[in-house]
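Engineer: Have a look at this one.
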Amino acid sequence: MNAVSYAAQAVPADWPGGYWWHWLFYTVVIIVFVLVMVMGAIYIERRGMGRMQLRYGPNRTGPFGLLQPVADALKVLLKENIVPNVADKIVHWLAPVIAFTPVLLIFAVIPFQNGALLTDLNIGILFIVAVSSISTVGVFMAGWGSGNKYSLLGAMRNVAAVVSYEIPMVLAIIGVVIFTGSLSTGAIVDAQDIPFILVQPLGFLIFFIAASAEINRSPFDLMEADSELTAGFHTEYSGMKFAMFYLVEYAEAIAMSAIITTIFLSGWRGPWLPPWLWFIIKTIIVFFVMVWTRATLPRVRIDQLMALAWKFLFPAAVINLFVSAIEVLVWPDISQWIFVGVNIAVAVIAIGVGTKMFKPGWGKVAV
Amino acid sequence: MTTTQEISLQTEPFVLNMGPLHPSTHGVYRMRVTLDGEVVLDIEPMFGYLHRGIEKLMEERTYTGCIPLTDRLDYASAMGNNLAYCVAVEKLAKIRVPERGEYIRVITAEMIRIANHCLAVGSMLNDAGALGTPFFYLWNEREKLYDLFEMLCGQRVLHNYIRIGGVSQDLPDEFLPALEKFVPQLHKFINEFEFFLKQNEILIARAQGVGVLPKDVALNCGISGPLARASGIKRDLRKDDPYSVYDRFEFDIPTAENGDCYDRYRVRMEEMKQSLHIIDQAIKKVPGGPFRAKVPQIIRPPAGEAYGHIEGPKGELGFYLVSDNSIAPYRCHIRSTSFINLTALRQMVKGWKIADLIVIFGSIDITMGEVDR
Amino acid sequence: MTTALSAKEIVSKLSAEFPDAVKEAGADSVLVKSASLPAVTEYLKTADGLKFDYINYITAIDYYDYFEVVYMMTSTEYNRSVTLKTRCETRNRPTVPSLAGIYQGADWQEREVYDLMGITFKGHPNMKRVFLWEGFDGHPLRKDWNK
Amino acid sequence: MQFKFFGIGMLKGLAVTILHIFRRPSTSQYPEQRLNISRRSRGNELIWDREKCTGCATCAKACPQGVIEIVTSTDMADNKYKVETYRVDTGYCIMCGLCVEACPYDALYLGYSFEKAKYRRGEFVQTNDELKESPQRPASGYFHPDIAKKLPKQTLLIEKATEKRK
């Protein structure tokens, strides 16, 4: 595809058609990329979890079950669109839209290749953090709109979780920004001669836990906890709107994996393969880790979720910030490999001490 | 270790209906939960959605005809129900079971205990949120036991295998070698499963100290089985009131002290090991000879009454039979373990959150067929 | 081996405390006057030599001209069990004093007997049907219940 | 309650799950890959042998569901009732096998195949000739050891006998 190879080097000055053509090309690329990656994510999750549970996973539709996500999408689209009459119609209808759009916005700032991103905002990361918390509004509208007690509980849990996990997530990002000196995602990827996962191990761990808590995956999937709240906030959704929420769940997972690859795994930089392929491989690997934790770990209770955020991640994030600040200020030009050793030691100590002292909340309330 | 804390802000409780159709109510069990935010204030269970009137049906069937009915009581461990019913009828009609029949009964009872505990622990972890993985690993072992039951009596779940005076058919010759091959496999599996879940922090956080059932409340409610043993009541009918040939095997009864969900999970895993130990001993000593006493198809026990009970996988399962010397039992009351084990649910759950309510309910391990009869 | 107390033993143990309570001694069960049932059970549960703290089951049988309610208790300490019976003669609204105060396990089992057999238990905290729905007329386990 | 094991418990769990990917799944692909069911399998149909049957109706008495209906006429042909109709409503049959067990003349077998679902409830009711044994309606070895010997050996998950997908 010459378009992609054309964008191999930094975007040239005489990029044909100026801004509008560039905007159109990348919007199409982003939408296609998100939809295809979501299909791939659904397939990886169902096959991966299947093989982890001693079963095959879908292998009937298409070769090796590759058309299973397509079959799911078709089935869900053909389903009747039931709206409960106690529901608040407008809020119920609008919720999936508001939940889905921020996820697409995140991809505007993620570099697929050197300079190949919709807009290289110099406040890229700030834009990501700001936008990613809008989808909580959509989820809460869904919870409130469907007039069902279970979904209201699910939505309340989601709001509580996102509020308390925003802070460790942002602190982890600031740790990274201190080392790069700039907020723009392109600059972050350029600054990563040593992937930040080695330089900032504690930051990576905090970011990964906070991200999977916000998009309600792996041990923190309380928002649509199947065993307690039947299907959490999207209990009353069916048909097209349910497809949107299904899409949101996986698109957010892909978005978070993409952000993690950009910030911690040095984005598209890699030795032999073409850069955009590196980016996709790393995103899939991070997504697979999310599938892996989802298959293994039981769910955490809501008050333990809160306690984990405030009593464990937040102090650890502050320590990480403090240590990386000292390193950058006092030894600005020293090679970063020394920081790798120091930071890994700090991470091990923080986790060791943290897990020892961490008491996740009171269990029983005197009633 | 868990500190209790007063609720400060004033909130208004609301009633949530965890209805018969709910992903983790193990069948058609319904409860109206009064909630204050996430904290459970009170639950009011409602039964009867699976009430088929089995005790009434039993009054119209011959003593042998009732055996397929007992399959449908606790459909997760049908062999246990057959055994309890047949032990009661043999006590009523004073029938002696030959040696080989007794040994086959002990082997199948221990096999169904393992299968039931696989299901119980699996579904409790499924409720705790581990999406299917522990459940599928345990179900894989239960599938192996299904194969053995199918080889024995033709059906995987509703066995209808034990008869009054012994068992319906003899062991096929490839049954014992397959069982001998299965025992070490299960040992290896249990060790791997312990490695997988025993120290899992999230499971400890979700299950330890949750839903504590104090010993005196358990005794007062008539709780039996792993639920009681987890609270420290050292009572197991195989030792206290040995039926069949259980007094010839040496095995010990695992108990725990603080009676929370984690201890119930531990007691069930230990009990699976003990059952394996019993099967090991039983396989070596299965005698030859008849597997069933000379009992006609339709028996007329002398007028009178008898109560026979066994240590089923879920606890004490008993049948109180009254006969008036006719071909059908005059009255048959089923002492159902799950129904009585549920009486303590209200005390166990008060003050905990919804997520704990589901884990506690899963740790009790009930089957609705046995609750509603 | 859980030895079931024979009728003679039960009678001898109870006659000291409750001279007129025991009506008739069956094979290994004792017929107790329904009025003094709670007192007898309380005594059996708390008396030091007896300590019957675990209730096995409560059930009722319809013998056409009278109902018989059967209780079986076991002592986990001494590994002994005892079976008590009471009778109520009337067929419409037979009542028996409730043991829910003494054994919490008896609570639902008595509701089940009320639901299926129609015997009300005086003093039961929440005497309602447990299996069938409220509007169900009649009690199915009675022998004369028409299909 | 606290995380006593520094998160190692979770890592152990993760290790076990990832290792399971390399094990062969124990599920079999049903329509293509058929496992042999037990030789004593209680399939969902009844097979009746008209020659051996003497019309004694022990099976009808033994059936807890009252599913077998037998009408005999009294003109004794060589010391046996002449069986007019032998009707079985397999829709209500719970496949408990008590009839096969009760029959003193081995005239009754349970079916071996389990794929006998029907579209109409009426098709469940089978009378005399439909009950005969035939290649489509093989008899199972339940209570008939001689038939059991001829049937194929059961595939057991214990022996991991689930062969590769074709």
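The values are calculated or read from the model by the stated rules, or taken from the named source; none is laboratory data. These numbers were taken from a predicted model, which means no experiment stands behind them. Here the Cβ positions follow ideal geometry from the backbone for every residue, glycine too, while neighbour counts run over all protein chains shown. Surface areas here come from the heavy atoms of the whole protein model, side chains and all, with no ligands, DNA or RNA. Shrake-Rupley method; radii C 1.70, N 1.55, O 1.52, S 1.80 Å.
Engineer: Keeping to the range D:14-30, report how many residues are under 13 Å from residue A:53 (Cβ atoms), touching a Leu at 6+ places or on another chain (Cβ under 7 Å) and assigned to a loop (DSSP other than H, G, I, E, B).
Structural biologist: 3
Engineer: Do we have residue D:92 as touching a Ser or Thr at 6+ places or on another chain (Cβ under 9 Å) and under 26 Å from residue B:296 (Cβ atoms) here? Let's see the steps before the verdict.
Structural biologist: Working: touching a Ser or Thr at 6+ places or on another chain (Cβ under 9 Å): no; under 26 Å from residue B:296 (Cβ atoms): yes.
For residue D:92, the condition - touching a Ser or Thr at 6+ places or on another chain (Cβ under 9 Å) and under 26 Å from residue B:296 (Cβ atoms) - is not met.
Engineer: If residue C:114 satisfies every condition in (1) of a type in the set (Phe, Trp, Tyr); (2) open to solvent by less than 20 Å² (accessible area, probe 1.4 Å); (3) part of a helix (DSSP H, G or I) but one, which is the exception?
Structural biologist: With (1) of a type in the set (Phe, Trp, Tyr); (2) open to solvent by less than 20 Å² (accessible area, probe 1.4 Å); (3) part of a helix (DSSP H, G or I) applied to residue C:114, the lone miss is (2).
Engineer: Follow-up. Would you please name the residue that is farthest from residue B:313 (Cα to Cα), looking only at residues in the range B:181-210 that are among the aromatic types (Phe, Trp, Tyr) and either more than 9 Å from every other protein chain (Cβ to nearest Cβ) or touching a residue at least 60 places away in the same chain (Cβ under 8 Å) (or both)? Before you say what the answer is, go through the steps one by one.
Structural biologist: Going residue by residue through the range B:181-210, those that are among the aromatic types (Phe, Trp, Tyr) are B:182, B:189, B:193, B:195-196.
In the following step, the residues that additionally are either more than 9 Å from every other protein chain (Cβ to nearest Cβ) or touching a residue at least 60 places away in the same chain (Cβ under 8 Å) (or both) were identified as B:189, B:193, B:196.
Values: B:189: 20, B:193: 20, B:196: 24 Å.
Checked the range B:181-210; the qualifying residue farthest from residue B:313 (Cα to Cα) is B:196.
Engineer: Output the residues belonging to the range B:214-252 that are at pLDDT 90 or above and polar (S, T, N, Q).
Structural biologist: Once the filter is applied, which keeps residues that are at pLDDT 90 or above and polar (S, T, N, Q), the range B:214-252 yields B:220, B:224, B:231.
Engineer: Of the conditions (1) buried (at least 17 other Cβ atoms within 10 Å of the Cβ); (2) modelled with pLDDT under 90; (3) farther than 24 Å from residue A:38 by Cα, residue A:91 clears all except one; give me its number.
Structural biologist: Against the list (1) buried (at least 17 other Cβ atoms within 10 Å of the Cβ); (2) modelled with pLDDT under 90; (3) farther than 24 Å from residue A:38 by Cα, residue A:91 comes up short only on (2).
Engineer: Filter the range A:94-115 down to the residues that are more than 17 Å from residue A:254 (Cβ to Cβ), of a type outside the set (Val, Ile, Thr) and open to solvent by 50 Å² or more (accessible area, probe 1.4 Å) and list them by number.
Structural biologist: A:94, A:114
Engineer: Need the failing condition index for residue C:83 against (1) within 12 Å of the chain's Cα centre (by Cα); (2) open to solvent by 40 Å² or more (accessible area, probe 1.4 Å); (3) within 13 Å of chain B (Cβ to nearest Cβ), just the number.
Structural biologist: (2)
Engineer: Hey, could you check the range A:312-345 for residues that are in contact (Cβ under 8 Å) with a residue 60 or more places away in the chain and over 14 Å from residue A:179 (Cβ atoms) and say which is surrounded by the fewest Cβ atoms within 10 Å (Cβ to Cβ)?
Structural biologist: For the range A:312-345, the residue satisfying everything is A:318.
Engineer: Follow-up. Kindly indicate which of A:291, A:365 is within 14 Å of chain B (Cβ to nearest Cβ) and either in contact with a strand residue (DSSP E or B) (Cβ under 8 Å, 6 or more places away or on another chain) or open to solvent by 10 Å² or more (accessible area, probe 1.4 Å) (or both).
Structural biologist: On the way: A:291 fails: either in contact with a strand residue (DSSP E or B) (Cβ under 8 Å, 6 or more places away or on another chain) or open to solvent by 10 Å² or more (accessible area, probe 1.4 Å) (or both).
From the options A:291, A:365, the qualifying one is A:365.
Engineer: Among the numbered criteria (1) part of a helix (DSSP H, G or I); (2) more than 22 Å from the chain's Cα centre (by Cα); (3) within 24 Å of residue B:25 (Cβ to Cβ), which one does residue B:131 miss?
Structural biologist: (1)
Engineer: So, one more: Name the residues in the range B:142-173 that are within 14 Å of chain A (Cβ to nearest Cβ) and open to solvent by 10 Å² or more (accessible area, probe 1.4 Å), would you? I'd like the intermediate steps shown before the answer.
Structural biologist: Start the filter on the range B:142-173 by keeping residues that are within 14 Å of chain A (Cβ to nearest Cβ), which leaves B:142-144.
Correct list: B:143, B:144.
Engineer: Could you tell me which residue of the range B:236-292 is surrounded by the most Cβ atoms within 10 Å (Cβ to Cβ), considering only residues that are of a type in the set (Gly, Ala, Ser) and away from chain C (no Cβ under 14 Å)?
Structural biologist: B:259
Engineer: Looking at (1) open to solvent by less than 10 Å² (accessible area, probe 1.4 Å); (2) modelled with pLDDT under 90, find the lone condition where residue C:90 falls short.
Structural biologist: Failed condition: (1).
Engineer: Just a yes or no: is a residue in the range B:341-350 in contact with a Cys (Cβ under 7 Å, 6 or more places away or on another chain) and within 11 Å of chain C (Cβ to nearest Cβ)?
Structural biologist: First, pick out the residues of the range B:341-350 that are in contact with a Cys (Cβ under 7 Å, 6 or more places away or on another chain): B:343-344.
Subset that is within 11 Å of chain C (Cβ to nearest Cβ): B:343-344.
Yes, the range B:341-350 has at least one match.
Engineer: For residues in the range C:37-76 being surrounded by 19 or more Cβ atoms within 10 Å (Cβ to Cβ) and more than 13 Å from every other protein chain (Cβ to nearest Cβ), which is nearest to the chain's Cα centre (by Cα)?
Structural biologist: The residue in question is C:37.
Engineer: Of all residues in the range B:22-33, which are more than 9 Å from every other protein chain (Cβ to nearest Cβ) and surrounded by fewer than 17 Cβ atoms within 10 Å (Cβ to Cβ)? It would help to see each step written out before you state the result.
Structural biologist: Taking the range B:22-33 as the starting set, the residues that turn out to be more than 9 Å from every other protein chain (Cβ to nearest Cβ) are B:25-33.
Hit for the range B:22-33 is B:32, nothing else.
Engineer: Another question, if that's okay. If you check residue B:233 against the conditions, is it in contact (Cβ under 8 Å) with a residue 24 or more places away in the chain, within 14 Å of chain C (Cβ to nearest Cβ) and β-branched (Val, Ile, Thr)? Break it down stepwise before answering.
Structural biologist: Numbers: in contact (Cβ under 8 Å) with a residue 24 or more places away in the chain: no; within 14 Å of chain C (Cβ to nearest Cβ): yes; β-branched (Val, Ile, Thr): yes.
Criteria not met by residue B:233.
Engineer: Can you confirm whether the range B:178-192 contains a residue that is open to solvent by 20 Å² or more (accessible area, probe 1.4 Å) and within 22 Å of residue D:112 (Cβ to Cβ)?
Structural biologist: no
Engineer: Report, by residue number, each residue of the range A:45-77 that is within 14 Å of chain B (Cβ to nearest Cβ) and either among the aromatic types (Phe, Trp, Tyr) or open to solvent by less than 30 Å² (accessible area, probe 1.4 Å) (or both).
Structural biologist: A:45, A:48, A:49, A:50, A:52, A:53, A:54, A:56, A:57
Engineer: Only one of (1) touching a residue at least 12 places away in the same chain (Cβ under 8 Å); (2) farther than 30 Å from residue B:66 by Cβ; (3) assigned to a helix (DSSP H, G or I); (4) open to solvent by less than 20 Å² (accessible area, probe 1.4 Å) is not met by residue B:213, so which one is it?
Structural biologist: Going through (1) touching a residue at least 12 places away in the same chain (Cβ under 8 Å); (2) farther than 30 Å from residue B:66 by Cβ; (3) assigned to a helix (DSSP H, G or I); (4) open to solvent by less than 20 Å² (accessible area, probe 1.4 Å) one by one, residue B:213 breaks only (3).
Engineer: Just one of the numbered conditions (1) touching a His at 6+ places or on another chain (Cβ under 9 Å); (2) closer than 14 Å to residue B:213 by Cα is not true of residue B:373; which one?
Structural biologist: Only one criterion is unmet by residue B:373, namely (2).
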